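Report on the following structure.
Nothing in this text is a laboratory measurement; each read-out follows from the coordinates by a stated rule. Given the structure is predicted, the values throughout are model-derived calculations rather than measurements.
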Amino acid sequence: MSVAALRAAAETYARGADRRDKTAWRAVLADNIEISGPGFVIAGLEANLGSIDYLTQAFVATRHVVHDIDAVIDGDTAHGETRSTAEHRIAGGEHGDTLLVWAIRYQDTWRRDQGTWRFTRRDLVVDWEEIRPVHDVGGGS
C-alpha cells in the first residue's frame, strides 16, 4: 500500500471541510477519531462532524490544500505528517473580507478498515498564521 491512499484520505478531508460535506468526512474519519489543535480537542466521529457546522458559521468560505505527506505504513496502521495550508475567509463588513491563512502540519495516525484508510488521530500544529485583505477579481462560483 502506498502513501497515495493516505494522501487521498487527506484530500477527501480537505475537500469535505471546504464543501461542508459530512459524508466525505464520514468516509475518512474513524468512529474513535480524535482531532486536536490550538485550544481544542474533539473526540469521536459525531463530535468532529460538528466542526463542519462551525466552519459554516465562522467563515464565508475555506480552502484547504494538501501539500505533501511523509508517512510510515505498518500493516493496517500508518503514522505521519501531512503539510497543508488552510485559508479561512472572514466577513469584514464595510472594510471588506479578510483571509486568515494557516501553515499547518498535521501529525496523523491512520487505520485501514476493510481496505479504506481512516484517520484515528489528527494533531493540528499551526506553524504560522497570516491575515490579509481579500481582493475579489471575479470569476468564482
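Worth pointing out:
- Folded to 0 to 90 degrees: helix 45-58 orientation relative to the chain principal axis, Cα: 10 degrees
- Rounded to the nearest 500, the 222 nm mean residue ellipticity of the chain from helices alone is -8500 deg cm²/dmol, with -39,500 (n - 2.57) taken per DSSP H run of at least 4 residues.
- Percentage relative contact order, the range 53-134, counting C-alpha pairs under 8 Å, at least six apart: 25 percent
- Extension gain for Asn32 to Gln107 (0.36 nm times residue separation, less C-alpha to C-alpha distance): 25.4 nm.
- Principal-axis tilt of helix 3-19 within the chain, Cα atoms, nearest 10 degrees: 40 degrees
- Stokes-Einstein D for the range 3-133, Kirkwood Rh over Cα pairs, 10 °C, 1.306 mPa s (µm²/s): 105 µm²/s
- Mean separation of Cα contacts under 8 Å, 6 or more apart, over the residue count of the chain: relative contact order %: 23 percent
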